[in-house]
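Reading through the structure tokens given below for one structure.
The values are calculated or read from the model by the stated rules, or taken from the named source; none is laboratory data. A quick note: this is a predicted structure, and the numbers were derived from the prediction, not measured. Note that each Cβ is placed from the backbone with ideal geometry, even for glycine, and that neighbours are counted across all protein chains shown. What goes into the accessible areas is simple: the full protein's heavy atoms, side chains included, and nothing from ligands, DNA or RNA. Shrake-Rupley method; radii C 1.70, N 1.55, O 1.52, S 1.80 Å.
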Amino acid sequence: GRNRRADIRPATALRRRGQKDRARDRYEPIRGSFPGADFPLAVVQIDHTPLDVIVVDEEHRKPIGRPYLTLAIDVFSRAIVGLYLTLDAPSATSVAMCISHAMNTKNEYLRLLGVEGDWPVWGQIGTLHADNAREFKCKAVNRGCEANQIIMQWRPVKKPNYGGHIERYMGVVATEMKKVPGATFSNIKERDNYDSEKEASLTLREVEHYLVNFIVNNYHQRVHSQLDAAPIKVWEDAILGDEMPGVGRMLPADPDRVRMDFLPYFQATVQRYGVRIENLFYYDPILDRHIGATELDNPKLKRKFIFARDPRNISEVYFLDPNTGRYISVPYRNVGHPAISAGELREAKKRIKADGKSAVDEERIFQSIESNRKLVEESTAKSKAARRQAAKAPKGKPNATDAQDARTSKAPPPPPPRQPAPKAPDRNIFSQALEVLEIGEIH
């Protein structure tokens with residue numbers, strides 16, 4: 001009887017005990033050949049993970065917590081096509097930034113980050129493959145995929161092996177992060193007496209530099225066990241041609257538009273004052289021609305236009321002009337107001353209501369945010385939560401992930417000069433992310 005029991009496969013034994021999910025997760029092979037991934041960018045997998053490292057703020061070099069990484073991988077070559085690092089939990093904005101980074105060239109990004117090397121992985125994505133998390137199924141991501149001719153495909157429920165390529169690489173990242181000061185490790189045995197917060201010494205920018213340098217100059221260059229070749233070699237042979245002609249690739253016609261297509265958005269009518277979005281007013285003369293516009297098929301209905309918004313800095317919104325199909329920046333109507341984030345706006349509205357004030361108007365919102373920023377500034381040196389909040393505050397310079405190499409872009413010429421959006425104070429290029437606000441008509 002003992003020998004017979006030993007012959008029963010472990011997976012079969014678990015299934016007979018009613019543990020089908022556990023049997024699948026532990027013993028079913030990860031799909032080696034992903035359906036349809038026959039050439040570069042045919043299928044790109046995307047996912048998020050918290051990094052096992054604690055970062056410090058730029059000013060005090062004190063701990064502010066673990067960052068989140070959003071990463072996209074080309075299933076055909078296993079090359080990393082894009083990433084986004086932030087202090088915020090995964091959101092539609094993380095997806096927007098990562099996909100924009102994936103599809104566009106990275107020369108300028110590497111230059112801003114200070115990483116030597118080449119990252120020639122970019123181009124039009126065919127199918128985007130993700131798990132069933134809420135941020136992948138939101139309307140903003142669906143709209144972005146439709147606008148950029150990307151097929152959105154979700155992993156079958158309870159079939160984690162369908163996401164094996166991205167998850168395997170997340171494991172590679174986790175192992176690499178153990179070498180970084182401030183590593184949190186994944187279990188108590190590894191951690192031993194290591195004090196992660198005490199040892200933390202790298203800022204978010206420095207962690208991003210370390211990670212990108214590892215991708216470009218290590219992971220891409222070494223032989224992948226399942227490919228018997230380095231990911232960058234497999235990528236370049238397929239794109240440029242080796243024994244067979246190369247398949248080539250396409251750069252988006254308007255690189256910056258990709259990001260805006262995936263950002264959370266509102267649908268709103270244009271009034272004489274401009275547009276009002278969550279108690280804040282925005283105006284640019286470009287809107288004048290759309291005042292009082294009605295639906296083309298129903299003149300009794302007011303026409304709603306699309307306004308995209310980057311939640312990390314809402315000092316401007318992006319009007320999708322139906323006549324040109326391009327986004328146009330529309331700043332605050334009162335350009336004297338400071339740049340704020342959607343998270344700050346949400347918290348200010350909560351405070352105003354908690355104070356018993358029935359009217360939530362623009363002036364009260366900015367007064368509340370200004371007083372809260374003063375409190376944060378006073379407590380920043382003492383409190384980790386305050387330092388983390390301060391590190392997320394919107395500043396003027398773009399994140400390096402926003403930067404695209406304009407020299408190789410085929411983007412159309414810029415629209416004629418308009419009233420510029422207000423400039424916020426200068427900032428570190430890696431500490432601007434704030435969480436997505438998903439209330440009202442935002443998608």
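Whenever a residue of segment 364-377 is within 16 Å of Glu278 (Cα to Cα) and touching a residue at least 24 places away in the same chain (Cβ under 8 Å), its partners that are open to solvent by less than 20 Å² (accessible area, probe 1.4 Å) and part of a helix (DSSP H, G or I), lying with C-beta atoms within less than 6 angstrom and at least six residues away or across chains, give the pairs Ile365/Ala348; Ile369/Ala348. Across segment 264-281, which residue is nearest to Ala140 (Cα to Cα) among those that are open to solvent by less than 40 Å² (accessible area, probe 1.4 Å) and among the aromatic types (Phe, Trp, Tyr)? Ranking the candidates gives Tyr265 first.
Among residues of segment 117-128 that are more than 13 Å from Ile80 (Cβ to Cβ), those with a beta-carbon under 7 Å from a residue that is of a type in the set (Lys, Arg) and open to solvent by 20 Å² or more (accessible area, probe 1.4 Å) at least six positions away or on a different chain give the pairs Gly123/Arg249; Gln124/Arg249.
What about Ser431, is it modelled with pLDDT of 50 or more, outside any helix (DSSP H, G or I) and open to solvent by less than 30 Å² (accessible area, probe 1.4 Å)?
On the way: modelled with pLDDT of 50 or more: no; outside any helix (DSSP H, G or I): yes; open to solvent by less than 30 Å² (accessible area, probe 1.4 Å): yes.
Spelling it out, it is not the case that Ser431 is modelled with pLDDT of 50 or more, outside any helix (DSSP H, G or I) and open to solvent by less than 30 Å² (accessible area, probe 1.4 Å).
The set of residues in segment 51-102 that are crowded, with 23+ Cβ neighbours inside 10 Å, within 15 Å of the chain's Cα centre (by Cα) and of a type in the set (Gly, Ala, Ser) comprises Ala72, Gly82, Ser91, Ala92, Ser94, Ala96, Ser100, Ala102. For segment 112-128, which positions are over 22 Å from Pro40 (Cβ atoms) and not in a loop (DSSP other than H, G, I, E, B)? Leu112, Leu113 - these are the residues of segment 112-128 that are over 22 Å from Pro40 (Cβ atoms) and not in a loop (DSSP other than H, G, I, E, B). Based on what the data block shows, is Lys349 surrounded by 12 or more Cβ atoms within 10 Å (Cβ to Cβ) and not in a helix (DSSP H, G or I)? No, not satisfied. If we keep just the residues of segment 300-346 that are within 20 Å of Glu363 (Cβ to Cβ) and surrounded by fewer than 19 Cβ atoms within 10 Å (Cβ to Cβ), which is modelled with the lowest pLDDT? For segment 300-346, the residue satisfying everything is Arg346. I'd like the full set of residues that are in a loop (DSSP other than H, G, I, E, B), surrounded by 20 or more Cβ atoms within 10 Å (Cβ to Cβ) and modelled with pLDDT under 70, limited to segment 364-413. Within segment 364-413, Thr380, Asn399, Ala403, Gln404 qualify.
Residues in segment 210-240 that are outside any helix (DSSP H, G or I) and either open to solvent by 60 Å² or more (accessible area, probe 1.4 Å) or at pLDDT 90 or above (or both): Asn218, Arg222, Val223, Ser225, Gln226, Asp228, Ala230.
Within the group Gly123, Gly117, Gly163, which residue is open to solvent by less than 20 Å² (accessible area, probe 1.4 Å), of a type in the set (Gly, Ala, Ser) and modelled with pLDDT of 90 or more?
Values: Gly117 fails: open to solvent by less than 20 Å² (accessible area, probe 1.4 Å); Gly163 fails: modelled with pLDDT of 90 or more.
Going through Gly123, Gly117, Gly163 in turn, just one is open to solvent by less than 20 Å² (accessible area, probe 1.4 Å), of a type in the set (Gly, Ala, Ser) and modelled with pLDDT of 90 or more: Gly123.
Looking across Asp284, Asp261, Asp288, Asp297, one residue alone is crowded, with 17+ Cβ neighbours inside 10 Å, among the charged types (D, E, K, R) and out of contact with any helix residue (DSSP H, G or I) (no Cβ under 9 Å at 6 or more places or on another chain). It is Asp284. Looking only at residues of segment 352-363 that are in a helix (DSSP H, G or I) and out of contact with any helix residue (DSSP H, G or I) (no Cβ under 6 Å at 6 or more places or on another chain), we find that the one that is surrounded by the fewest Cβ atoms within 10 Å (Cβ to Cβ) is Ala354.
Testing Tyr194 on (1) modelled with pLDDT under 90; (2) of a type in the set (Phe, Trp, Tyr); (3) closer than 18 Å to Lys106 by Cα, one condition comes back false. Which one is that? Only one criterion is unmet by Tyr194, namely (3).
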